[in-house]
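Only the coordinates and a few stated rules stand behind these numbers; no lab work does. These numbers come from a predicted model, not from an experiment. For neighbour counting, all protein chains shown are included, and Cβ atoms are generated from backbone atoms with ideal geometry for every residue, glycine included.
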Amino acid sequence: MAVEQYEKIPSAVVVSEELRRRLHRIWETRPGLFGWIATVDHKTIGIRYIVTAFAFLVAGGIEALIMRIQLAGPEQRLISPEAYNQLFSMHGITMIFLYALPILSGFSNYLFPLLLGTRDMAFPRLNAFSYWVYLASGLFMYASFLIGQAPNDGWFNYAPYSLKPFNPGLNMDFYALGMVFFGISTTVGAANFVVTFLRNRAPGMSINRLPIMVWGTMTISVGILLANPAVSLAFFLLWMDRQFGTHFYDTAGGGKPLLWQHLFWIFAHPWVYIIVLPAMGMVSDALPVFCRRPLVAYTLVILGTITTMVLGFGVWVHHMFATGIPFLATSFFSGASFIITIPSAIAVFAWIATIWTGRVVVTTAFLYFASFIAMFTIGGVSGVMTASVPADLQLHDTYFVVAHIHYVLIGINLFGVLGAVYFWFPKMTGRMLGERLGRWNFWITFFGFNLAFLPMHWTGLLGMPRRIYTYPENVGWTSVNLTTTIGAFILAVGILLLFINVLVSLRRGAVAGPNPWDAPTLEWAVSSPPPPYNFAVIPVVASRHPLWEDRLEEASGRSSIDRGLALDHGKEILATSVIDARPDAVLKMPDDNPWPFVLTLALSVLFTALLLHWWIVAGAGAAACVLAILIWLWPRAELGQKEGAAYE
């Protein structure tokens with residue numbers, strides 16, 4: 001509904017208790033099982049993402065510890081080769097797909113509307129649907145353990161090893177269908193972030209006033225929309241080869257196994273940036289809070305973020321240097337892989353300059369963010385080494401690459417996430433995490449991580465191949481593997497301390513006020529935890545740091561937090577223009593809705609039936625999906641989707 005059609009032109013009001021109570025009644029989730037299933041509150045969905053992602057992190061960690069026991073010494077027989085194959089495949093799938101992006105989606109879901117000064121995501125029901133599909137697809141893939149047929153060809157899943165003649169069980173069918181299922185979640189979630197970024201910002205929050213985390217999430221969301229079709233197509237073609245005898249990857253029928261690698265890495269290399277750029281954004285926003293100054297080179301960091309994502313689509317072949325592709329192709333992609341270090345280095349120099357010129361307050365969150373910079377540098381440098389074709393041919397498929405990916409995945413993603421947990425836990429729960437236990441948590445995690453993965457560089461240089469389930473004596477790999485195993489268990493103790501800290505602090509943690517860190521962005525302008533409606537009035541933003549304006553004097557005007565549009569005619573948010581965030585419409589938002597959950601159940605039936613070749617059930621599942629979508633999208637008067645009905 002355009003502003004001109006609004007029966008009462010929204011007027012600016014001052015926040016009052018009566019307004020808060022009215023908004024609370026409008027926006028609160030209904031109690032009971034229905035509310036639990038049907039809620040579309042972005043904060044609840046964000047926390048569900050975070051808790052579920054940490055649960056998958058624990059599952060993937062347990063799989064890693066079993067593998068490390070197996071590799072602690074030579075000629076071990078703790079598990080069979082097939083069990084090891086399943087464990088290392090599911091470990092990779094879990095950490096890369098079920099933990100690394102969803103944990104960032106959780107923080108973004110919770111924080112996006114709060115950072116942008118709005119009351120919800122652009123599509124709340126789609127937001128809930130994204131979470132339910134993520135959970136269902138993860139459980140779908142983990143259900144493979146129940147019948148002893150988990151994916152066993154690695155997370156990269158190379159053809160032809162994944163084709164039926166070499167892998168006849170259901171293992172790879174779980175993976176192929178599970179990834180198509182999972183892709184639905186990431187695609188709809190990414191579209192939601194992009195639209196929210198473009199159209200649902202507080203008035204005055206122009207694109208040069210946005211927090212870096214918002215830019216990071218928006219950038220990777222565009223990347224997901226461009227990358228996901230490649231991998232969904234790759235897995236669909238694989239499933240066709242396995243079920244119906246097509247020959248997309250089968251050389252006997254004229255297929256091309258390298259087609260799999262191209263489609264997979266066109267998706268998977270950008271995915272590396274997709275799972276680190278939002279973490280870099282969180283560090284860019286939170287680190288300056290503990291340095292008591294704004295981030296150095298704000299604009300360059302944003303340009304570097306976007307450039308990294310764009311270049312990330314042009315380097316996939318550097319995973320394929322050993323496949324025998326032409327020299328010209330290897331030269332081009334090697335050069336592109338070197339160039340991508342430039343935008344990444346901008347962020348590193350900006351963080352160091354921020355610390356160098358700031359007045360540092362050392363907290364557990366700061367320690368995680370500062371160590372993140374060191375881990376980022378180590379992971380980045382080892383990645384640059386593999387950009388060189390001669391070096392890559394030597395290091396390919398060795399433990400050096402395993403060390404590199406873990407410095408990227410854990411060093412950048414996990415350390416950024418753990419710092420974010422300490423930083424935003426007070427906002428989410430109203431309680432501070434314990435600092436003393438936090439320091440123990442940090443130092444044990446930091447020491448265990450580096451003890452586990454730094455020696456892997458050496459293991460790789462000694463020639464140990466990755467993905468082997470045991471190794472002979474007297475090849476010089478025993479001591480470094482034992483060291484890595486000890487480090488892995490110390491790292492696990494560190495993560496355990498985090499969980500203990502969370503549980504203790506939820507019960508006995510110090511009460512956090514609205515802004516315990518004296519931070520500058522909008523989420524700290526509301527209570528901790530925030531009310532269901534986020535902001536009692538829609539804030540008006542006049543600068544990049546609304547809560548630091550008095551000390552920075554970076555804008556002539558002042559942001560307005562306590563006086564603004566009430567928008568209390570039901571669930572409403574403001575739509576703003578793309579560049580300058582000028583108000584141009586009032587949007588009616590949906591109430592709690594069970595159909596995202598119902599549609600997810602129907603999809604689960606459909607994918608399970610496809611897995612087991614229950615074609616009639618699959619048809620029924622598809623019909624149920626169509627019916628659920630029709631009911632979900634049927635025009636409703638209360639949402640202003642029927643002309644003249646919204647305010648009759």
Rounded to the nearest 20 debye, dipole of the chain from Cβ charges on Lys, Arg, Asp, Glu: 840
When Lys and Arg each count +1 and Asp and Glu each count -1, what net charge do the other residues less than 12 Å away from Asp173, Cβ to Cβ, add up to? 0
Highest-first arrangement of 502-513, 130-141, 441-452, 281-292, where packing means the average Cβ count within 10 Å: 281-292, 130-141, 441-452, 502-513
Simple label model, 7 Å out from Cα along Cβ direction - Arg508 to Ser556, nm: 5.5
Between Glu18 and Glu75, 0.36 nm times their residue separation minus their Cα-Cα distance comes to what? 13.3 nm
Part-to-part distance (alpha-carbon centres) for region 126-160 and region 422-470, which is given in Å: 25
Using amide H atoms built 1.01 Å from N in the peptide plane, name the residues 5+ places from Ala122, or on other chains, whose amide H lies under 5 Å from its own. Thr196
Take every Cα-Cα pair in region 1-130 and report what % of them are more than 17 Å apart. 72
Starting from 0.36 nm per residue, how many nanometres of slack lie between Ser479 and Ala391 once their C-alpha separation is accounted for? 29.2 nm
Whole-Hz ³J(HN,Hα) for each residue in region 506-514, computed from phi via Karplus 6.51 cos²θ - 1.76 cosθ + 1.60 with θ = phi - 60°, x for glycine and proline: what do you get? 4, 8, 10, x, 4, 5, 8, x, x
Computed over region 232-356: relative contact order in percent, which uses C-alpha pairs under 8 Å that are six or more apart: 25
Arranged from highest to lowest average of other beta-carbon atoms within 10 Å per residue, in what order do the peptides 322-328, 332-338 appear? 332-338, 322-328
Whole-Hz Karplus couplings 3J(HN,Hα) for region 560-573, θ = phi - 60° and coefficients 6.51, -1.76, 1.60, Gly and Pro as x, run 10, 9, 9, 9, x, 6, 7, 6, 10, 8, x, 6, 9, 9
Go ahead and estimate [θ] at 222 nm for the chain from helices alone: -39,500 (n - 2.57) per DSSP H run with n ≥ 4, summed, over the residue count, rounded to 500. -20500 deg cm²/dmol
Give the distance, in whole Å, between the Cα centre of region 516-544 and the Cα centre of region 387-402. 47
Would you mind putting 70-79, 516-525 in packing order, based on average other-beta-carbon counts within 10 Å, highest first? 516-525, 70-79
Kindly identify region 208-366 as rounded, prolate or oblate by the Cα gyration tensor criterion: order the square roots of the eigenvalues as a ≥ b ≥ c, call it rounded if a/c is under 1.5, otherwise compare a/b with b/c, prolate if a/b is larger, else oblate. prolate
Between Trp615 and Val578, what FRET efficiency follows from the Cβ-Cβ distance if R0 is 41 Å, with the result rounded to 0.05? 0.35
Relative contact order (percent, whole number), region 344-419, Cα cutoff 8 Å, 6+ residue spacing: 45
Any residue on another chain or 5+ positions along whose placed amide H is under 5 Å from the amide H of Leu565 is listed here as Val13, Ile538
Put +1 on the Cβ of each Lys and Arg and -1 on the Cβ of each Asp and Glu in the chain; which of Val180, Val301, Tyr161 then has its Cα farthest toward the positive end of the dipole? Val301
Using only alpha carbon pairs under 8 Å that are at least six residues apart, calculate the relative contact order of region 89-161 and give it in whole percent. 50
Beyond 42 Å, how much of the Cα-Cα pair distribution for the chain remains, as a whole percent? 25
May I ask you to work out the translational diffusion coefficient for region 436-551 at 25 °C, viscosity 0.890 mPa s, via Stokes-Einstein with Rh from the Kirkwood sum over Cα pairs, reported in whole µm²/s? 132
Counting only backbone N atoms under 13 Å from a point 7 Å out along Cα-to-Cβ of Phe166, the residues of region 117-153 in range are 152-153
May I ask for the equivalent-ellipsoid semi-axes of region 313-432, computed as the square root of five times each C-alpha gyration tensor eigenvalue and listed largest first in whole Å? 35, 15, 11
At R0 = 56 Å, how high is the FRET efficiency between Glu435 and Tyr158 if r is their beta carbon distance? Nearest 0.05 is fine. 0.75
So, in nm, how far is label Leu461 from label Val381 when the simple model puts each one 7 Å beyond its Cα toward the Cβ? 1.1
13 Å beta-carbon shell around Val502, net charge (K/R +1, D/E -1): +3
Distance (nanometres) between label positions extended 7 Å along Cα→Cβ at Gln641 and Phe34: 1.9
Under 5 Å between amide hydrogens, which residues at least 5 positions from Arg431 or on another chain qualify, with H placed 1.01 Å from N in the peptide plane? Ala512
State the number of lysine pairs found in the chain whose Cα atoms come within less than 20 Å, restricting to pairs 8 or more positions apart or on distinct chains. 10
Which ³J(HN,Hα) values, rounded to whole Hz and listed in residue order, are derived for region 621-635 from phi using the Karplus coefficients 6.51, -1.76 and 1.60 in 6.51 cos²θ - 1.76 cosθ + 1.60 with θ = phi - 60°, glycine and proline given as x? x, 5, 5, 5, 5, 4, 4, 4, 5, 4, 5, 4, 8, 4, x
Spatial separation of Cα centroids for region 324-371 and region 225-266, in angstrom: 33
